[in-house]
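One structure is given here, and the rest of the page talks about it.
Every number here is computed from the coordinates shown, using simple stated rules; none is lab data. In this text, all values refer to a predicted model and were calculated from it rather than measured experimentally. Note that we place each Cβ from the backbone using ideal geometry, even for glycine, and neighbour counts take in every protein chain shown.
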Amino acid sequence: MTYEDGFSRRAFLGGIAAVCGASPAGRADLCTPDSKTLREPARDVPVAGECDVLVAGGGPAGIAAAVGAARQGAKVILIESKGTVGGIWTNGLLGCLLGFNHCEFDREILSRLGRFRAYRTRSPETNFHSFIYEPEYMKVVCEGLLSEAGVRVRLGTGVVSAIRDGRGMRAVVTESKSGREAWLAKRFIDCTGDGDLAALAGCGYDVGGAEKGDPEQPASMIAVFTLPDDSGILKFIANEHTNYDSMGEGLFNPKVELAKELERMNMHPSYGHPTIFRMNRNLFILMVNHEYDVPVDDADKIGAATMRARREIVDLTEALAMDSWNRPGHKGAWSGLRLVATADQICHRRARRIHGRYAMKVEDCFNGATFADAVATCRFPIDVHAVSKHANRTQPAGSPFKKDAKPYQIPLRACRAADLDNLYMAGRCISGDFFTQASYRVTGTAVEMGYNVGNAAAS
């Protein structure tokens with residue numbers, strides 16, 4: 001029997017046998033003697049695109065880098081593994097813009113969100129650099145910025161390999177619904193957050209805490225819930241109280257009040273300082289989850305943590321809702337609460353810290369360092385979360401280690417790989433030590449950094 005393309009049934013079945021190991025010869029060709037690895041057959045990979053600047057990762061830093069490069073006239077391709085751009089802003093349901101409104105691109109994002117009435121200041125009376133936003137509108141804002149800049153965006157596409165030629169990177173290889181493809185570029189920017197592209201290219205990097213072998217910062221899953229009557233939870237809403245100390249020292253603290261409420265119901269969330277932000281009239285962000293010691297490069301552990309986090313959030317919100325049902329003749333504060341969404345993924349605070357041509361040091365934070373080749377100014381404190389549930393419960397409200405820092409600059413040298421001449425980084429994976437990374441990891445800094453690194457890569 002011969003099919004329409006002239007390929008015989010015998011040849012078709014023979015090909016299947018070779019790939020699946022249906023014959024001894026097939027098994028010998030593909031598997032190592034211990035059967036613990038599989039040897040892939042060599043194959044040609046089609047080139048799907050060529051550009052001046054390729055950006056890996058479409059989170060806050062990646063969007064800014066792609067737009068920044070494209071506005072300089074560069075041909076730009078953005079590769080994103082998820083089904084939408086925005087990263088932690090959208091897939092992660094972060095809901096908070098921290099260290100924001102410091103650069104023109106920040107203000108452009110806020111202006112576009114404002115057209116949809118989709119953001120509010122985090123502390124209306126005092127804070128003009130932290131905002132609560134609505135993730136669904138952020139998706140459209142980010143997509144619009146990329147489209148208008150002429151960036152070619154490929155969604156649902158993961159980078160799986162990097163092709164080097166000496167000290168230069170020539171291409172990345174991806175996997176998607178379109179199969180295995182290659183993308184050629186003159187320059188590359190790693191905006192994956194975790195430093196995935198640089199690691200695949202063989203660049204050196206650091207991981208871990210302040211001392212070698214220390215546990216890293218926890219990951220978190222964020223959720224959104226709705227409540228038809230908010231009158232009973234007003235004291236728990238963090239972004240509607242301006243007269244509290246985030247460390248919980250002496251002043252009224254909505255995080256402390258919420259923790260007491262959960263203790264009353266014998267609930268002990270994995271994050272010891274649970275937080276609620278109002279997103280819109282009856283829509284709220286819920287931060288109650290921490291997942292400890294989850295590596296950024298272990299799919300099994302990441303998957304297990306993701307499912308564990310989602311279960312915790314569902315159990316906690318169900319308990320809150322049922323608390324109201326269990327009060328005959330009394331309408332509880334949480335009456336009618338329904339979980340709207342949990343994030344698609346847990347979100348890491350940790351990352352590979354790729355070796356660059358300059359490594360940010362904690363002294364830079366405290367001394368307010370300046371650099372001739374600065375690409376961003378970070379104004380956020382050093383913000384280290386506890387590395388265990390026990391530590392979270394025994395520390396004051398807020399981060400267990402939170403130290404103010406002077407505004408300090410980040411140089412382009414910290415955003416250029418030491419091991420490759422045409423690889424840049426932007427976001428939390430740039431070159432630096434543990435404590436400094438705990439400051440520059442916030443998305444406001446990532447946006448300013450990404451935009452200016454994109455400009456530099458395009459020149």
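DSSP bridge analysis restricted to region 219-348 gives an antiparallel fraction near 95%, rounded to the nearest 5.
Charge dipole of region 345-435 (Cα centre as origin; +1 on each Lys and Arg Cβ, -1 on each Asp and Glu Cβ, all else neutral): 380 debye, rounded to the nearest 20. Ordering CYS429, CYS191 from the fewest to the most neighbouring beta carbons within 10 Å gives CYS429, CYS191. Peptides 415-423, 358-366, 38-46 ranked from most to least packed by the mean count of surrounding Cβ atoms within 10 Å: 415-423, 358-366, 38-46. Residues GLU263, GLU136, GLU312, GLU143, arranged from fewest to most other Cβ atoms within 10 angstrom of their Cβ, appear as GLU263, GLU136, GLU143, GLU312.
When the Cα atoms of region 219-348 are aligned to their principal axes, the ranges along those axes come out at 48, 35, 28 Å in descending order.
Listed peptides 448-458, 75-85 appear in the order 448-458, 75-85 once ranked by packing, highest mean of other Cβ atoms within 10 Å at the front.
Judged by the mean number of other Cβ atoms found within 10 Å, the most tightly packed of the peptides 157-168, 370-381 leads the ranking 370-381, 157-168. Bridgeable lysines around LYS235 (alpha carbons under 29 Å apart, same-chain partners fewer than 8 residues away excluded): LYS255, LYS260, LYS331, LYS389, LYS402, LYS403. The mean sequence separation of alpha-carbon pairs under 8 Å and at least six residues apart, normalised by the residue count of region 219-348, gives a relative contact order of 38 percent.
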